[in-house]
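In what follows, a single structure is set out as structure tokens and then discussed.
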Amino acid sequence: MDSEPSKEPVLVKVAECLYRNRSSGTYFALVKRKGKQIRKSLKTKDRKLAERRLREFRTKASRLTADSAERKTPFKILAKRWLTVHNSNLKASTAERYVRCVKELDKFFGEIPVSEITKRQCEDWMTQRAKGIAASTFNTDALVLKAVLDYAVRDGLILDNPANVIKRRRSKAKEIVIPTREEYEKLLEAIDQLDGRAGQSKILVQLLALSGMRLGEATRIEWREIDFKKEQFTVSGGEIGTKNGETRVVPLFPRLKLFLENLRPVNSTDPRSPIITIESTKSALGSACKTAQLPHFTHHSLRHFFVSNAIEVGVDFKSIAAWIGHKDGGILVAQTYGHLREAHSQQMASLL
């Protein structure tokens, strides 16, 4: 039986490290680095363009500094090394999220030497991992995979990042559930009826609705961060910090000031004592919404409630963004809540 013809291209040397496919005319680069021969198609039949791409390729190949033993480093070892460096300055919650991502990636790539990970394997991982999970979860995992392999490129273990073939999945816009003022009052009344859970739960709900803080910020704010004289409060996020890692100073809005003044006498006079002594009121919120036959409101719904109230009284997006801890000057607020301002404007116009 005749043997099958070789599928390898027949290359003819035309210059140092530059070869040409005899049949197709496409140019190839062929260089040696650390005892390893590297061949790459230059994807052109033009000699001048091929020479320019060869120079670029040789510069890139010069960064391949790891020896053969280092290039056999398993993904899980390199990923662990990357975590140690990358997570050193991150918030604990963010660092933990990346640890979970690496554990998930290790299931697929863990034992594979980094230098042997291919684009096809990355595509296979993408196909498998994308099934049945949220786009945000997939995108975070993909981000970590790319970061670990970028780390391998930086350290000279691989020439290019094979995970760059992975495309970011588009997230579906989440439906924003915002209580009306009437629903907010019904919610407070329903919480009052909860046996043993009303006190701190109601305080937390009001604090979120009147301040626009995130849950983690509200549960960690201390009395010393409320300045009644200057009429401002500081959002630091406590030991964990805020989402963007920055402390912000926010005006003490009149309704919030009155709420805190009425609340203060029943709490400890220790300035370091927290305003809230619970971490969440998820259960109480769920029960109250069910009892009062309200939509399923969450902690974040109360932040939305704050923003919608601010928009209704004419506060500009830039100011709102600063108050709630966005650093984009109001772009996200405009994208997320712009329809509320338009609806309110139409409502006001109808009064004419």
Original post:
Pairs LYS119/LYS243; LYS45/LYS131; LYS13/LYS107; LYS172/LYS282: which are spaced more than 32 Å apart, C-alpha to C-alpha?
Top reply: LYS119/LYS243; LYS45/LYS131; LYS13/LYS107
**OP:** With viscosity set to 0.890 mPa s and temperature to 25 °C, compute the Stokes-Einstein D of region 73-189, Rh being the Kirkwood radius across alpha carbon pairs; µm²/s, no decimals.
**Re:** 154
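So for region 196-283, what percent of the C-alpha to C-alpha distances run longer than 22 Å? Present the calculation step by step, with values, prior to reporting the outcome.
Numbers: 704 of 3828 pairs.
Looking at region 196-283, the distances longer than 22 Å represent 18 percent of pairs.
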Original post:
Percent of accessible area on region 9-130 owned by carbon and sulfur, 1.4 Å probe?
Top reply: 47
Subject >> Cα-centre dipole for region 65-148 with unit charges at Cβ (Lys and Arg positive, Asp and Glu negative), debye to 20 >> reply: 180
**OP:** Using only the alpha carbons, work out the radius of gyration and Dmax of the chain in angstrom.
**Re:** 29.1, 96
**OP:** Putting +1 on Lys and Arg Cβ atoms and -1 on Asp and Glu Cβ atoms, find which of ASN244, ASN309, LEU187 reaches farthest to the positive end of the dipole of region 185-325.
**Re:** ASN244
Original post:
Based on the mean of other beta carbon atoms within 10 Å per residue, what is the order of 274-283, 305-314, most packed first?
Top reply: 305-314, 274-283
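I'd like to know how region 254-324 sits against the 2.2 N^0.38 Å rule of thumb: what's its Cα Rg over that expected value? Write down the numbers at each step before the final one.
Details: Rg = 15.4 Å, N = 71, 2.2 N^0.38 = 11.1 Å.
It is 1.38.
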Subject >> Stokes-Einstein D (µm²/s) once Rh is taken as the Kirkwood radius of region 111-252 over alpha-carbon pairs, at 4 °C in 1.567 mPa s >> reply: 66
**OP:** Would you please give the residues with an amide H less than 5 Å from that of GLN232, counting only those at least 5 places away or on a separate chain, with H modeled from the backbone geometry?
**Re:** ASP227, LEU252
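Just the number please: accessible area per residue for the chain, 1.4 Å probe, all protein chains included, in Å².
On the way: 21140 Å² over 352 residues.
Solvent-accessible surface per residue comes out at 60 Å².
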Original post:
Could you give the alpha-carbon Rg of region 37-133 over 2.2 N^0.38 Å, rounded to two decimals?
Top reply: 1.43
**OP:** Return the sequence-ordered ³J(HN,Hα) values of region 291-307 in whole Hz as given by the Karplus equation 6.51 cos²θ - 1.76 cosθ + 1.60 applied to θ = phi - 60°, using x for Gly and Pro.
**Re:** 4, 8, 6, 9, x, 6, 8, 10, 4, 6, 4, 6, 5, 4, 4, 4, 5
Original post:
Counting only residues 5 or more places away or on other chains, whose amide H sits under 5 Å from the amide H of ILE38 once H atoms are built in the peptide plane?
Top reply: VAL31, LYS32, ARG33
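Can you work out the FRET efficiency for the pair ALA134 and ARG22, with r the C-beta to C-beta distance and R0 = 41 Å, to the nearest 0.05? Don't skip to the answer; put the middle values down first.
Numbers: r = 51 Å, r/R0 = 1.24.
Efficiency computed from Cβ-Cβ geometry: 0.20.
What does the net charge come to around ILE112 if you take all other residues with beta carbon closer than 11 Å to its beta carbon, with K and R at +1 and D and E at -1? Working shown, then result.
Values: positive: LYS72, LYS76; negative: ASP106, GLU111, GLU116.
Neighbour charge sum, excluding ILE112 itself: -1.
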Subject >> Unit charges on C-beta of K, R, D, E only; dipole of the chain, Debye >> reply: 2300
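The values are calculated or read from the model by the stated rules, or taken from the named source; none is laboratory data. Bear in mind the structure is a predicted one, so any value in this text is a computation, not a measurement. Heads up, the Cβs are rebuilt from the backbone with ideal geometry, glycines too, and the neighbour counts pull from every protein chain shown. Just so you know, the surface numbers come from the protein's heavy atoms only, side chains and all, with ligands and any DNA or RNA stripped out. Shrake-Rupley method; radii C 1.70, N 1.55, O 1.52, S 1.80 Å.
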